[in-house]
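Colleague: This is the structure I have questions about; it appears just below.
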Amino acid sequence: MSFANTVRAPLGTASFKARIGAVSCLARRNYHTDIPEPDFEAYRSNSSKQANVSRDKFDAKRKVYSYTLVGGASAATVYMGKEIVQDLVGYLDINDAARALAITEIKLNDVPVGKSLLTTWKGMPLFVRHRTEAEIKAEQAVDLLSLRDPQHDSDRSLTPEWMILVGVCTHLGCIPLQDQGSFAGGMYCPCHGSHYDSSGRIRKGPAPLNLTVAPHKIKGEYLIVG
């Protein structure tokens, strides 16, 4: 039965309807039988194809494969993460030039007794004071109970005659003035009126803590800070 013969039949007649129904059934049947059913046999393991083998036996082999695959992928991920972290740390690590800036060398003979030197260390102001005998005796005789931040003078320097301080006020981070204030050889912060003695200890004003002592050592004729 051809579609042309069906079209020639008068519309609305029983013959026309019967022929249309036959064509539709034939089309549906051909459409269904022309598409092959999917076959996944090639993707099945050989052990799973054997009907007489227990599932527990071939499941164990499949688990070993799965665990090995997951373990290998996890190990590769950890290794890649380690490499990324190492590269990042190496990128953020300071270079030789920056490391050199972290050390300040001062020739001791450049600072006479009773004088102060202003320099920098790690981008911060650094106060170097070569103290007199009178200043040392006066600071060592101070009663610790009278101090806001009690520290003995001998605990703030390697040698009594040298006082190495970070020149940043502990109140609001201002820079005090050297050889100023109410105490000989001390520092004075004009911003809010903090007075420090020659040991860098807060004696008057709003600052809560003493000036920070910079890490230092004396090597021959040089003072090395850092």
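Colleague: Per residue of the range 82-87, in order, report the coupling 6.51 cos²θ - 1.76 cosθ + 1.60 (Karplus, θ = phi - 60°) as ³J(HN,Hα) in whole Hz, putting x for Gly and Pro.
Modeller: 4, 5, 5, 5, 4, 5
Colleague: Then there's this: Under Stokes-Einstein, with the Kirkwood radius over Cα pairs standing in for Rh, what whole-number D in µm²/s applies to the range 101-225 at 10 °C and 1.306 mPa s?
Modeller: Diffusion coefficient, whole number: 110 µm²/s.
Colleague: Please tell me which of these pairs span more than 21 angstrom C-alpha to C-alpha: LYS137/LYS219; LYS107/LYS217; LYS115/LYS137?
Modeller: LYS137/LYS219
Colleague: Still on this structure, please answer the following. Given H placed 1.01 Å from N in the peptide plane, which residues other than close sequence neighbours of TRP121 have an amide H under 5 Å from its amide H?
Modeller: For TRP121, the qualifying residues are LEU126.
Read-outs throughout are calculated quantities, based only on the coordinates presented, and are distinct from any laboratory measurement. These numbers come from a predicted model, not from an experiment.
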